Amino acid sequence: MSITILGIESSCDDTSAAIVRDCVLVSNVIASQKVHEFYGGVVPELASRAHQQNIVPVVSEAIRQAGISKGEINAIAFTRGPGLLGSLLVGTSFAKGLSIALGIPIVDVNHLHGHVLSHFIKEDENSEVPEFPFLCLLVSGGNSQIIKVMSPYEMQVMGQTIDDAAGEAFDKCAKVMGLPYPGGPYIDRLAAEGDASRFKFSKPHIPGLDYSFSGLKTSFLYTLRDEVAKNPDFIEQNKADLAASLQKTIIDILMDKFAQAVKETGIKIIAIGGGVSANSGFRNRVQEFADNHGLKAFIPKRAFTTDNAAMVAVAGHFKYLNKDFCSLDLPPYARVTV
Ligand code: KG4
């Protein structure tokens, strides 16, 4: 018998609902919140209010697009954390209410597990998925982690950022250049036309497999401050080269440690996930690295790099198989690693 899961994601500023049947994607609806652009970052209070407005239409639309009746859903998977607490409360409370109304179980999902397991979202029954164990480099606005994935239930963080995440480095440096929020996609586009060897920014010297991006941000800021003092049009005249050089530095930092993790573990299957894995330069470098080292790389479709409920539904599918249900009195949580 096939298993149909409704996934709900509301950890930050995207309200999303998806239906998967045996991990095959049936529908995936995302309502993004434009309201934050004006403030240059996500405003938690506005995010939770927008989720409150979006949650009913988004879930209804996911069920409508799937062409199923509510009675066909076996369980509801929802993101319990980490994320913004007010945002998480909307998805969590909605999932609980709907589970009582439909008389079906709920499954709580760790958002980071969702990103890792996004590689198991199947477009059809023949989609290729990673074999275990694999190494996943999870890079988003809030996290930069190297994760050893032994099974859908067993993941080990081998290294992570000790300060800013890679996405924050993109966004904060983009802000210094006067680009809109979130700056990552703008840097990506500008970088395609720039010379990545033009500027050098500092790289961290952190032991082990941990990352640090705060020094790069400072180095970028000081370079721009000094150059703008000499030429007020410096940023405008050099924006493509600045973006390309910044992007290359971030990718170099990410790949140095990821390569070290591959070497230490001897694992031959690698994957990337999270918002920054949409970056064109990063995707190319990961594929190139895999090709040069005889590895198999799993690079997610861009639609599954950002926050989405399909990955939550798939992570929920695995927990459902294990009968790992969640009780109605469990609250959401704001912080946790894998
Ligand atoms: O996983 P995600 O959607 O959510 C949070 O962690 O909140 O990641 C968002 C991050 C942002 O920092 C954004 O700038 C970055 O992913 N991002 C990118 C690109 N697309 C999104 N960074 C670089 N290049 C991109 N194309």
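The values are calculated or read from the model by the stated rules, or taken from the named source; none is laboratory data. This one's a predicted model, so the numbers in the text were calculated from it and none came from an experiment. Positions of Cβ are generated from backbone atoms using ideal geometry, with glycine treated the same way; all protein chains shown enter the neighbour counts. Just so you know, the surface numbers come from the protein's heavy atoms only, side chains and all, with ligands and any DNA or RNA stripped out. Shrake-Rupley method; radii C 1.70, N 1.55, O 1.52, S 1.80 Å.
Per-structure values
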quantity	calculated
Pick from segment 141-181, criterion of a type in the set (A, V, I, L, M, F, W, C) and out of contact with any helix residue (DSSP H, G or I) (no Cβ under 7 Å at 6 or more places or on another chain), ranking: farthest from the ligand (Cβ to nearest atom)	Met150
Residues of segment 135-189 that turn out to be among the β-branched types (Val, Ile, Thr) and under 21 Å from Gly215 (Cα atoms), as a count	6
Answer residue from segment 1-46, given it is open to solvent by less than 10 Å² (accessible area, probe 1.4 Å) and in contact with an Asp or Glu (Cβ under 7 Å, 6 or more places away or on another chain) and is nearest to Phe325 (Cα to Cα) among those	Thr4
Of residues in segment 115-160 being open to solvent by 10 Å² or more (accessible area, probe 1.4 Å) and aromatic (Phe, Trp, Tyr), the one nearest to Lys301 (Cα to Cα)	Phe120
Residue among Asp163, Asp233 that is at pLDDT 95 or above, open to solvent by 40 Å² or more (accessible area, probe 1.4 Å) and under 18 Å from the mean Cα position of the chain (by Cα)	Asp163
Pick from segment 311-338, criterion under 19 Å from the mean Cα position of the chain (by Cα) and open to solvent by 50 Å² or more (accessible area, probe 1.4 Å), ranking: farthest from Gly275 (Cα to Cα)	Tyr333
Tally of residues being more than 11 Å from the ligand (Cβ to nearest atom), of a type in the set (Phe, Trp, Tyr) and either crowded, with 19+ Cβ neighbours inside 10 Å or not in a helix (DSSP H, G or I) (or both) across segment 264-310	1
Top-ranked residue of segment 1-58 - restricted to ones that are assigned to a loop (DSSP other than H, G, I, E, B) and of a type in the set (Asp, Glu), ranked as farthest from Lys96 (Cα to Cα)	Asp22
Options Ile272, Ile267: the member that is in contact with a strand residue (DSSP E or B) (Cβ under 8 Å, 6 or more places away or on another chain), farther than 15 Å from Ser118 by Cα and touching a residue at least 40 places away in the same chain (Cβ under 8 Å)	Ile267
Qualifying position, being touching a Cys at 6+ places or on another chain (Cβ under 6 Å) and either open to solvent by 70 Å² or more (accessible area, probe 1.4 Å) or among the aromatic types (Phe, Trp, Tyr) (or both), among Phe220, Phe201	Phe220
Of all residues making up segment 58-83, the number that are under 23 Å from Pro300 (Cβ atoms) and crowded, with 18+ Cβ neighbours inside 10 Å	10
Condition check for Glu61: touching a residue at least 40 places away in the same chain (Cβ under 8 Å), out of contact with any Pro (no Cβ under 8 Å at 6 or more places or on another chain), farther than 30 Å from Gln260 by Cβ and in a loop (DSSP other than H, G, I, E, B)	no
